[in-house]
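Here the structure is laid out as structure tokens; the discussion comes afterwards.
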Amino acid sequence: MTPEDAASFERTLELGKGIADSLAQSDVLGRWMAHHIGDLIVRAENATGAEADGVRCEAMTAILALWNHRTAFPSPTPPLGAFEPVFKALERLSEPQHPWSFYRMFPSGGEPSEDDMVGAPLLRVALSLEETVRGVAGEIVALAAQEAADKEAKWLQLSEHLEPDEQRVARDALLRLARTLQAYTDGEDGDPAAGAGLPKLIAALQGAESQLAEARRVLEDGLPAMPSERDPDRSV
């Protein structure tokens with residue numbers, strides 16, 4: 001076994017120990033799987049002589065097979081599970097950003113045109129608010145990605161030596177997105193700082209508040225004046 005293979009073997013065993021620990025707290029099937037993996041790890045660590053390579057290969061194959069099916073673990077919190085809702089939100093936000101596509105208030109092909117918005121200015125206010133809310137949601141999803149990474153730090157470290165799979169590729173892309181939004185952190189070298197301010201997100205929220213206030217002003221200007229507003233001296 002080369003030094004590189006030995007290092008990979010040791011790291012895979014550590015991943016297996018983490019899997020066994022997590023499954024030991026689940027149901028009967030999970031506890032059986034934990035016991036089985038634990039037994040394979042003990043045998044692999046103690047194997048010597050001609051049988052050592054076979055025993056180690058068996059342990060590594062079983063650990064990697066379990067890892068590749070981690071989403072089906074009998075556990076309420078499977079490894080890297082914190083990323084799943086973030087993936088779904090990002091998928092929704094990553095759809096083509098055509099006007100009116102976020103809330104889908106109009107059927108496809110029936111969205112208001114520029115001429116429609118000239119005749120009904122409030123439609124333009126609604127479209128502007130939709131675009132702003134979409135931007136705010138994107139900022140929050142990026143923050144959620146970093147929170148998921150913090151929560152899953154153990155599994156990220158234990159699995160970083162493995163070949164990327166579909167979930168890890170998506171996870172890495174998500175974390176790259178979060179890192180591009182460094183303006184919401186005050187950490188050094190791009191790492192989020194605990195309790196740091198979120199100026200980019202706050203600015204986006206303030207922009208949304210300003211637009212809501214403007215929408216309210218437009219709506220209030222269009223309301224008919226109440227009798228008391230038309231004639232302050234008139235008794236009601």
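Laboratory data are not the source of any read-out in this text; all were calculated from the coordinates shown. Quick caveat: nothing in here was measured; it's all calculated off a predicted structure. For neighbour counting, all protein chains shown are included, and Cβ atoms are generated from backbone atoms with ideal geometry for every residue, glycine included.
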#### Entry: Per-peptide average of other Cβ atoms within 10 Å, ordering 8-19, 108-119 highest first
8-19, 108-119
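Just subtract the alpha-carbon distance of Arg216 and Ala50 from 0.36 nm times their residue separation and send over the number in nm, one decimal. Write down the numbers at each step before the final one.
Values: separation 166, 0.36 × 166 = 59.76 nm, distance 7.94 nm.
Taking Arg216 through Ala50 to full extension adds about 51.8 nm, to one decimal.
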### Message
Please compute the length gained on full extension between Ala65 and Val42, using 0.36 nm multiplied by the number of residues separating them and subtracting their Cα-Cα distance.
### Response
6.5 nm
### Query
Which peptide among 65-72, 78-85 comes first, and what is the full order, when sorted by highest mean count of other Cβ atoms within 10 Å?
78-85, 65-72
### All lysines inside 21 Å of Lys151 as judged from Cα atoms, apart from same-chain residues fewer than 8 positions distant
Lys17, Lys88
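Want the number for Val28 to Lys200: 0.36 nm per residue separation, take away the alpha-carbon distance, what's left?
Values: separation 172, 0.36 × 172 = 61.92 nm, distance 4.70 nm.
The span from Val28 to Lys200 would gain 57.2 nm if fully extended.
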